[in-house]
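Visitor: Pasting a structure below so you can have a look.
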Amino acid sequence: MAVDCIVIGTGIIGSFTALALHERGLSVAVADRGGLAPGTSRSSDGNLLSSDKSGGVMLTLSERSLVLWSDFAARHGNHCEYDPKGSTVVARGADQAEALAEHVAGHQTAGVTCEFVDAGWERYEPHLGPDTSAIGHWPRDAQVQPMLACYQIARSLSEANVPYRFYDEITALEPGADAVTVRFANGDTWSAGHVVLATGVWSNELLEPLGLSVPVRPRKGHICVLERGDVEVNSKIADFGYNATAEDTSGDDAAVQTAAIIESTRSGTILCGSSREFAGFDRSVSTDTLRRVMADCIGIVPDLARLRVLRAYAGLRPFSPDGLPIIGPVDPDGRIVVATGHEGAGHGLAPVTGELVADLIAASVTHPYDGALHPERFTV
Ligand SMILES: Cc1cc2nc3c(=O)[nH]c(=O)nc-3n(C[C@H](O)[C@H](O)[C@H](O)COP(=O)(O)OP(=O)(O)OC[C@H]3O[C@@H](n4cnc5c(N)ncnc54)[C@H](O)[C@@H]3O)c2cc1C
């Protein structure tokens with residue numbers, strides 16, 4: 001089979017990229033070695049946030065992506081629990097309140113809608129602990145059920161006759177003069193003018209045999225799921241300390257970092273996260289880490305201690321050394337395009353990633369963040 005573009009990976013990044021390429025009029029085929037979104041996209045939260053970005057390119061991308069998420073739900077129907085419920089960042093103590101006030105002011109200067117609240121925050125979140133000193137509130141931040149979004153896109157593209165191939169690993173990329181051939185484990189081949197590697201933390205498996213690589217590493221994170229109960233969580237609630245762990249790019253191998261991030265779901269369960277550590281490709285759940293995660297979450301919403309744990313899981317964030325996604329061509333002919341390195345913001349940034357990749361491939365234009373996001377930035 002020959003198409004304009006093959007997208008490898010049906011996680012959130014592959015899904016939105018396939019959709020964007022299809023909407024630009026290109027013929028697209030999509031493949032994954034597992035079922036639909038079997039990787040990190042099914043082992044995560046679903047927060048779509050600007051509140052945790054300190055500024056710069058990441059804030060610009062997340063603001064654009066929030067618009068695109070809203071547009072996606074409006075144009076395609078909201079079958080993925082997209083909910084612009086807002087987010088709340090909690091400060092404890094005078095120093096944190098002051099730092100949070102500065103963070104909010106910085107966002108306001110950048111044109112982001114948000115508010116610093118140093119009294120009466122119960123109108124947003126009634127269950128915050130007594131040591132809360134202030135909150136920041138971002139009303140345009142949102143939440144989604146990522147698996148449902150991947151499913152919604154796969155269904156919509158399949159109805160438009162975009163081929164999806166599951167449970168068949170791609171074992172090699174073979175770049176040629178006019179096209180790239182993609183080889184499946186059973187020997188079948190597809191070819192395309194461009195191949196997009198939306199393969200998350202596994203991106204180097206297909207690049208290294210070609211003498212190519214991107215500096216993406218798995219950064220493990222834990223989530224604990226609590227039963228439905230009487231603890232109201234209206235928006236996404238995070239400890240102000242969460243921002244620092246989410247943006248930490250020190251790559252410290254030894255430490256397990258934790259900071260509270262709390263999300264209620266449509267079904268009433270509450271997802272409590274999160275941790276960050278480098279543990280290779282190990283996805284096992286550590287009870288010690290879960291205890292720390294729950295202690296952090298109960299620290300900002302004490303009533304969570306009343307709820308029982310239903311289950312827990314861990315996933316692997318695609319960590320990039322400078323904290324920015326890695327989006328762009330990696331081969332000399334520009335036919336193999338990577339889209340990875342979104343760390344803890346892949347869901348938030350998926351629509352804008354699709355847009356950037358489609359700009360690159362369909363319109364052959366340089367996108368405005370080319371230098372900042374291009375894989376070559378790590379080789380110069
Ligand atoms: C605990 C945790 C909480 C998180 N919370 C949030 C959050 O609230 N908001 C947010 O925005 N982000 C969050 N993230 C981050 C987000 O989950 C990731 O950034 C995102 O899922 C990455 O998507 P992806 O499509 O790049 O990767 P993946 O979902 O891992 O997709 C890669 C796909 O490539 C396929 N693949 C790889 N190699 C091959 C091959 N050779 N052949 C065929 N297929 C192949 C895999 O099977 C996989 O399906 C969280 C992550 C974790 C771990």
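Visitor: Does at least one position in segment 63-71 carry a residue that is farther than 22 Å from residue 151 by Cα and more than 16 Å from the ligand (Cβ to nearest atom)?
Guide: No; the residues of segment 63-71 include none that is farther than 22 Å from residue 151 by Cα and more than 16 Å from the ligand (Cβ to nearest atom).
Visitor: Which condition number does residue 313 fail, the rest of (1) surrounded by fewer than 23 Cβ atoms within 10 Å (Cβ to Cβ); (2) in contact with a helix residue (DSSP H, G or I) (Cβ under 6 Å, 6 or more places away or on another chain) being met?
Guide: Going through (1) surrounded by fewer than 23 Cβ atoms within 10 Å (Cβ to Cβ); (2) in contact with a helix residue (DSSP H, G or I) (Cβ under 6 Å, 6 or more places away or on another chain) one by one, residue 313 breaks only (2).
Visitor: Next question. Is it true that some residue in segment 198-211 is part of a loop (DSSP other than H, G, I, E, B), surrounded by fewer than 22 Cβ atoms within 10 Å (Cβ to Cβ), in contact with a Leu (Cβ under 7 Å, 6 or more places away or on another chain) and modelled with pLDDT of 95 or more?
Guide: Taking every residue of segment 198-211 in turn, none turns out to be part of a loop (DSSP other than H, G, I, E, B), surrounded by fewer than 22 Cβ atoms within 10 Å (Cβ to Cβ), in contact with a Leu (Cβ under 7 Å, 6 or more places away or on another chain) and modelled with pLDDT of 95 or more.
Visitor: Moving on to the next point. Read through the list (1) within 14 Å of the ligand (Cβ to nearest atom); (2) not assigned by TED's automatic domain parsing to the domain that holds residue 122, then give the number of the only condition that residue 359 fails.
Guide: Status for residue 359: all satisfied but (1).
Visitor: To continue, here is another question. Which numbered condition trips up residue 340, out of (1) touching a Pro at 6+ places or on another chain (Cβ under 6 Å); (2) under 26 Å from residue 205 (Cα atoms); (3) surrounded by fewer than 23 Cβ atoms within 10 Å (Cβ to Cβ)?
Guide: So residue 340 meets the others, but not (3).
Visitor: If a residue must be β-branched (Val, Ile, Thr) and surrounded by fewer than 21 Cβ atoms within 10 Å (Cβ to Cβ), how many such residues does segment 215-229 contain?
Guide: Quick first cut of segment 215-229, residues β-branched (Val, Ile, Thr) only: 216, 223, 225.
If we keep only those that are surrounded by fewer than 21 Cβ atoms within 10 Å (Cβ to Cβ) too, we end up with 225.
Qualifying residue count, segment 215-229: 1.
Visitor: If you take just the strands (runs of 3 or more DSSP E) that sit entirely in segment 1-109, which of them hold at least 3 residues that are in contact with a Ser or Thr (Cβ under 7 Å, 6 or more places away or on another chain)?
Guide: Details: elements: 2-8, 28-31, 87-92.
By residue number, 2-8, 87-92.
Visitor: Run down 333, 282 and say which single residue is modelled with pLDDT of 95 or more, among the acidic types (Asp, Glu) and more than 16 Å from residue 257 (Cβ to Cβ).
Guide: Within the list 333, 282, the selection yields 282.
Visitor: Do any residues in segment 5-23 that are touching a residue at least 12 places away in the same chain (Cβ under 8 Å) have Cβ atoms under 6 Å from those of residues that are of a type in the set (S, T, N, Q), where the two are at least six apart or on different chains, and which pairs are they?
Guide: 7/17; 8/199; 9/199; 11/41; 12/41; 13/353
Visitor: Test each condition in (1) assigned to a helix (DSSP H, G or I); (2) in contact (Cβ under 8 Å) with a residue 24 or more places away in the chain for residue 271 and report the one that comes out false.
Guide: Looking at each condition in turn, residue 271 falls short on (1).
Visitor: Can you tell me which of (1) more than 11 Å from the ligand (Cβ to nearest atom); (2) at pLDDT 95 or above; (3) small (Gly, Ala, Ser) is the one residue 54 doesn't meet?
Guide: So the condition that residue 54 fails would be (2).
Visitor: Is there a residue in segment 291-300 that is touching a strand residue (DSSP E or B) at 6+ places or on another chain (Cβ under 6 Å), within 12 Å of the ligand (Cβ to nearest atom), assigned to a helix (DSSP H, G or I) and touching a residue at least 60 places away in the same chain (Cβ under 8 Å)?
Guide: Scanning segment 291-300 turns up at least one residue that is touching a strand residue (DSSP E or B) at 6+ places or on another chain (Cβ under 6 Å), within 12 Å of the ligand (Cβ to nearest atom), assigned to a helix (DSSP H, G or I) and touching a residue at least 60 places away in the same chain (Cβ under 8 Å).
Visitor: While we're on this one: Mind checking whether some residue in segment 149-171 is free of Cβ contacts under 8 Å to residues at least 40 places away in the same chain, in the same structural domain as residue 42 (by TED's automatic domain parsing) and under 30 Å from residue 213 (Cα atoms)?
Guide: Yes, there is a match, as at least one residue in segment 149-171 is free of Cβ contacts under 8 Å to residues at least 40 places away in the same chain, in the same structural domain as residue 42 (by TED's automatic domain parsing) and under 30 Å from residue 213 (Cα atoms).
Visitor: Just the residues that are assigned to a strand (DSSP E or B) and either surrounded by fewer than 22 Cβ atoms within 10 Å (Cβ to Cβ) or among the hydroxyl-bearing types (Ser, Thr, Tyr) (or both), please, taken from segment 274-289.
Guide: Of everything in segment 274-289, those that are assigned to a strand (DSSP E or B) and either surrounded by fewer than 22 Cβ atoms within 10 Å (Cβ to Cβ) or among the hydroxyl-bearing types (Ser, Thr, Tyr) (or both) turn out to be 274, 275, 277, 279, 281.
Visitor: Please go through segment 258-268 and give me each residue that is over 15 Å from residue 239 (Cα atoms) and either part of a strand (DSSP E or B) or not assigned by TED's automatic domain parsing to the domain that holds residue 130 (or both), ordered by number.
Guide: Hit for segment 258-268 is 264, nothing else.
Visitor: Just wondering, is there one or more residues in segment 106-115 that are in contact with a strand residue (DSSP E or B) (Cβ under 9 Å, 6 or more places away or on another chain) and closer than 21 Å to residue 299 by Cβ?
Guide: Looking through segment 106-115, none of the residues is in contact with a strand residue (DSSP E or B) (Cβ under 9 Å, 6 or more places away or on another chain) and closer than 21 Å to residue 299 by Cβ.
The values are calculated or read from the model by the stated rules, or taken from the named source; none is laboratory data. The shown structure was predicted, so the numbers you read here are calculated from the model rather than taken from an experiment. Methodologically, a virtual Cβ is constructed for each residue, glycine included, from the backbone with ideal geometry; neighbour enumeration extends over all protein chains shown.
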